[in-house]
Every structure is written in C-alpha cells, then in structure tokens.
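The structure under discussion appears below in the form of structure tokens.
The values are calculated or read from the model by the stated rules, or taken from the named source; none is laboratory data. Since this is a predicted model, take the numbers as computed values, not measurements. Here the Cβ is made from the backbone with ideal geometry for all residues, glycine too, and neighbour counts use every protein chain on show. For accessibility, only protein heavy atoms count, side chains too; no ligands or nucleic acids. Shrake-Rupley method; radii C 1.70, N 1.55, O 1.52, S 1.80 Å.
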Amino acid sequence: MLNTLIESRAVASRRTGSSVLSFVIHAGIVAVLVSLTARGVTPTHEEPREVAVQMTALPEPPAPTPVAPPAGSPQVFSASPPPALGAPPRMAPVVVPNALPPIDLSRPVTNADDFATGRRGVSAAQGGVEGGSGVLPASGYFFEGQVEKPAMALPGQAGPAYPDVLRSAGLEGQVLAQFVVDSTGRTLLDSYTPLHSDHPLFTAAVKSALTRLRYLPAEVGGRRVPQLVQQTFQFTLNRD
C-alpha cells in the first residue's frame, strides 16, 4: 500500500508530436524572414549616361509684304544720312620724296634780328629802318607781337564819359575795343570795332573818347609805325 504515491493533482503528459510541430513552424518563420532579408533592395550607383541633344535651327520668318498706301495719302521719302562734317582725311602720298628741294643760294641770308628790327619788312619811306626793302603788311598795320615797342596811351588823359542814363540806373560795365593807332598816335575811327560791350551807350562813349585820346605810336627799328590795338575800358560807379 505504501508503494503507491498519491499526487494532489493530475499532470498532463507532454506530447512529442506537438513539440516537433511547433519547432517546424518556428523554423519556417525564421527561414522566411531570412529569405526576405536577403532579397532586400540594395542601393545601386549607376554611372551618368551621355544623352545627345540635336539642335534644330528654326526657319527665318518670311519678310513682311509691303502694303501700298491708300489713294490720296502723302508719300513719304527716306533720305540718306548727311555726310560727316569736317575736313576729308588726308591720304599719305604713294611716292615719298627722299631728296631735299633745290636751294637758291643767290638769295640773301635772313638773320634772326631781321624779324625784330624790321630790316627786311618795312622800307624807310614807309616807316621802316634805313636800307629796308619790304613793304607794310597788306592790312596797313602791325600787330603787337610784330613791333618792338607797342602803342601806349599817354598818361594824364581823362577816360570816356560815363553815360548819364546808365549812371542814374546804377549800371556798370566794360567795352573791349579794337582800333588802329597810326604813326602819329591818333586813332583811326574807321577801324574802331567793339569786340565786347555791356551796353550800346558804353560803346558810343568809347568811340567818342577815341577822337581826343592820344597814344605813343608803336616802333619798329626806331621808326613809328601803325599798330592794331585792343584795349578794355571799364565803367565803374563810386558807391561810397
């Protein structure tokens, strides 16, 4: 009787077949997962391919068809551009001379002093120095740069009279006059030219004053000669 043990509860006996089936199922699941993982998409790096692009030129649009103007409308003409202003371009000579021109050795030699003393420009009868064989310029007078001593106004002379109308109006100005002073120191009124004037009354006042103004005449080679003079006359009011 003691050889028989009595358990408090019954223990179910484990079946070998169910364990095998469970192992097979789990093994299949693992195999499927491993297969899916092995078949996963891996990134691939493809080399860029060259693609040829063919350019096709578009046809030019057709020229517009000229439309005749309606009857009675004014006709328009197109003018060519005017020619360019200025001197025409100088062309280089085809044949360049390589020899000096002939020299006339029979002519007298010109010295540098001749241009300052007037020995070769004005004769003695016309106001030049003794021995001169030339003549006065075609204008009949010399310029300031051609004389040794330019013409100068004598000191102590009253200037042009101030016009009363302009004095009352308080107007000031100046006149740049050009005239010829002859070999006697007098002004040739026919040669009077106002190069600039601020008022016609100033111009008239200067011309009137030149009839009485006296000048030291210009000299060339010690002789008195006529000279073209430019002088500025100022008209200023005393506002003190």
Quiz item: Applying the selection to the stretch 201-240, what residues are closer than 30 Å to residue 169 by Cα and of a type in the set (A, V, I, L, M, F, W, C)?
Solution: 201, 202, 204, 205, 206, 209, 210, 213, 233, 235, 237
Quiz item: Out of 228, 213, 188, which single residue is open to solvent by 40 Å² or more (accessible area, probe 1.4 Å) and of a type in the set (A, V, I, L, M, F, W, C)?
Solution: 188
Quiz item: Only one of (1) touching a residue at least 60 places away in the same chain (Cβ under 8 Å); (2) open to solvent by 30 Å² or more (accessible area, probe 1.4 Å); (3) not basic (Lys, Arg) is not met by residue 199, so which one is it?
Solution: (1)
Quiz item: Within the group 169, 177, which residue is modelled with pLDDT of 90 or more and exposed (fewer than 13 other Cβ atoms within 10 Å of the Cβ)?
Solution: 169
Quiz item: Just checking, how many residues over the stretch 216-225 are under 20 Å from residue 158 (Cα atoms) and open to solvent by less than 60 Å² (accessible area, probe 1.4 Å)?
Solution: 1
